[in-house]
Amino acid sequence: IPSLVGSEMCIRDSPYTVYSPFYKAWLEVERREMEDAPDSILTPDGIDGGALPSIADLGLDGQAAETSFDPGETAGREAARAYLNDGLSDYGKNRNNPAGGSSRLSPYMRWGCVSALELEIKLGLREGKGPRVYRKELAWREFYASVLANYPSVTGQEFQERYRGTLDWHEDDELLEAWKQGKTGYPLVDAGMRELLGDGWMHNRLRMVVASFLTKDLHLDWRHGEKWFMERLVDGDLASNNGGWQWTTSVGTDPAPYFQRMFNPMTQHERFDPDGHYVRRWLPELRQVPDEHLVRPWLMDEQAQERYGCVIGTDYPAPVVDHADERRVAVERYRSAADQAGD
């Protein structure tokens, strides 16, 4: 864990498996000193580091992913400085806003351009909800790093033993591809998946929404989603990605019951993107659709669809499933799994 002294991964005889007590203990642990970047890197005599490999040398056929993040430590430090000075104070209020509530520092932490330790140190004694909530988010990264270090089997199986082999996962390549390409017919889900395709990143609120949709609306194995995220995310971190997927799927360390992790894509849209700014940015086919139809465009009559340039089934897909129906199916699936496990 980057901000703890040495390499301690737990602060008692057994590892923490629930975030809240981990966080309380984590706050009390002495931090190691932050080290400055070296002026130079020493290599053994006679070793020539050579030039950086090209994209083609890495076997990527010369195709670099498009992203809005400027790479490198300098860019990371500038982004961190700007956010701590101008965005942090409102983080507690805006962090769930997919159109702009995030610090967007996760790629820089993932690639070592900025460390979680440095960010926490710079939070210092700042007061207010923003710094307090942001520190908790940094702790989530360390919690999942601790879980992975102590329970490496989570990379292939559910943390909760009762859900190993008991959840009846469906297999449907067409639904999986519709989810990957942002063509499910649910605007908020599709906007999140299009952002992933277009920018290699996704707001955390949307990560939860699309993960819930994959596992509890489409009933597809969470490992498909975890793998797709790691392929596409510029901030793809094994511990955080795995922890997030297991959290939303209700099979991980989080003790909350499964029915508290079923995100309704329509109500999430209404709550966190009420003006449609986020959805319209990533779904150009819906840009002319007015607010009253944007959450459920399939309910527009034929005249309205023609008027707003969004014919359902042609310009934008009809919903691939009915959320209300699939929620009931998910409840039965999880109940059945628990019964098989003897819970």
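Rolling a 1.4 angstrom probe over the protein chains, ignoring ligands and nucleic acids, what is the accessible area of His170 in square angstrom, nearest 10?
Roughly 70 Å² of His170 is accessible to a 1.4 Å probe.
Using a 1.4 angstrom probe on the protein heavy atoms only, could you order Met202, Met262 from most to least accessible area?
Met262, Met202
Using 20 Å as the Cα-Cα cut-off, could you pick out the over-long pairs in Lys136/Lys180; Lys183/Lys216; Lys136/Lys227; Lys24/Lys136; Lys180/Lys216; Lys24/Lys216?
Lys136/Lys180; Lys136/Lys227; Lys24/Lys216
If contacts are Cα pairs under 8 angstrom and at least 6 residues apart, what is the relative contact order of the chain in percent?
19
For every helix of n ≥ 4 consecutive DSSP H residues, a contribution of -39,500 (n - 2.57) applies; sum these over the chain, divide by its total residues, and give [θ] at 222 nm rounded to the nearest 500 deg cm²/dmol.
It lands at -13500 deg cm²/dmol.
Could you tell me how many degrees, from 0 to 90 and to the nearest 10, lie between the Cα long axis of helix 73-86 and the main elongation axis, the longest principal axis, of the Cα atoms of the chain?
70
Given a Förster radius of 25 Å and the C-beta distance between Arg126 and Tyr23 as r, what FRET efficiency does 1/(1 + (r/R0)^6) yield to the nearest 0.05?
The calculated FRET efficiency here is 0.90.
Pop out the carbon and sulfur fraction of the accessible area of segment 202-343 as a percent, whole number, probe 1.4 Å.
The computed percentage sits at 47.
Roll a 1.4 Å probe over the protein chains and send me the accessible area per residue for the chain in Å².
52
Could you tell me what percent of the accessible area of segment 10-54 is made up of carbon and sulfur, with a 1.4 Å probe and every protein chain present?
Percent of accessible area from carbon and sulfur atoms in segment 10-54: 51.
Segment 255-302 to segment 25-100: how many Å between their Cα centroids?
32
Does anything in segment 104-123 have its amide N under 20 Å from the 7 Å Cα→Cβ label point of Leu42, and if so which residues?
Residues passing the 20 Å test: none.
Tilt of helix 129-150 relative to the longest C-alpha principal axis of the chain, in degrees (0 to 90, nearest 10)?
The angle comes out near 80 degrees.
In what sequence, highest mean first, do 187-197, 42-52, 100-110, 317-327 appear when ranked by Cβ atoms within 10 angstrom?
187-197, 100-110, 317-327, 42-52
Just the accessible area for His203, please: 1.4 Å probe, Å², rounded to the nearest 10?
10
Report in % the part of the accessible area of segment 80-158 that belongs to carbon and sulfur, leaving out ligands and nucleic acids; probe 1.4 Å.
47
Where the centroid of each part is defined by its Cα atoms, how far is segment 218-242 from segment 136-173 in Å?
11
In Å, what is the Rg of the alpha-carbon atoms in the chain, and how long is Dmax?
21.8, 75
Treating the Cα atoms of segment 189-312 as identical point scatterers in vacuum, please give the log10 of the normalised Debye intensity I(q)/I(0) at q = 0.23 Å⁻¹, two decimals.
Debye output, listed in q order: -1.31.
Given points 7 Å out from each Cα along the Cα-Cβ axis, report the Ser68 to Arg287 separation in nanometres with one decimal.
1.5
About the Cα centre of segment 83-152, what is the dipole size in debye to 20, counting +1 per Lys and Arg Cβ and -1 per Asp and Glu Cβ, all else neutral?
Computed charge dipole of segment 83-152: roughly 140 debye.
With axes computed from alpha carbons, what is the tilt in degrees of helix 238-249 against the longest principal axis of the chain, rounded to the nearest 10 within 0 to 90?
30
Provide the gained length on full extension for the span Ser54 to His277, in nm with one decimal, where the gain is 0.36 nm per separating residue minus the Cα-Cα distance.
76.6 nm
If I stretch the segment between Ile312 and Leu238 completely, what's the gain in nm (0.36 nm per residue apart, minus their alpha carbon distance), one decimal?
Between Ile312 and Leu238, full extension yields 22.9 nm more.
Using the Cα gyration tensor of segment 116-204, with a ≥ b ≥ c the square roots of its eigenvalues, what is the shape: rounded (a/c below 1.5), prolate (a/b larger than b/c) or oblate (neither)?
oblate
Treating the beta-carbon of each Lys and Arg as +1 and of each Asp and Glu as -1, no other charges, what is the dipole magnitude of segment 119-245 about its Cα centre, to the nearest 20 debye?
Computed charge dipole of segment 119-245: roughly 760 debye.
Roughly how big is segment 69-190's charge dipole about its Cα centre, with Cβ charges of +1 (Lys, Arg) and -1 (Asp, Glu), in debye to the nearest 20?
780
The values are calculated or read from the model by the stated rules, or taken from the named source; none is laboratory data. Small disclaimer: the values here were computed from a predicted structure and weren't measured. Backbone-built Cβ (ideal geometry, glycine too); neighbour counts: all protein chains shown. The protein model used for the area step is the full one, side chains on, heavy atoms only, and it has no ligands, DNA or RNA in it. Shrake-Rupley method; radii C 1.70, N 1.55, O 1.52, S 1.80 Å.
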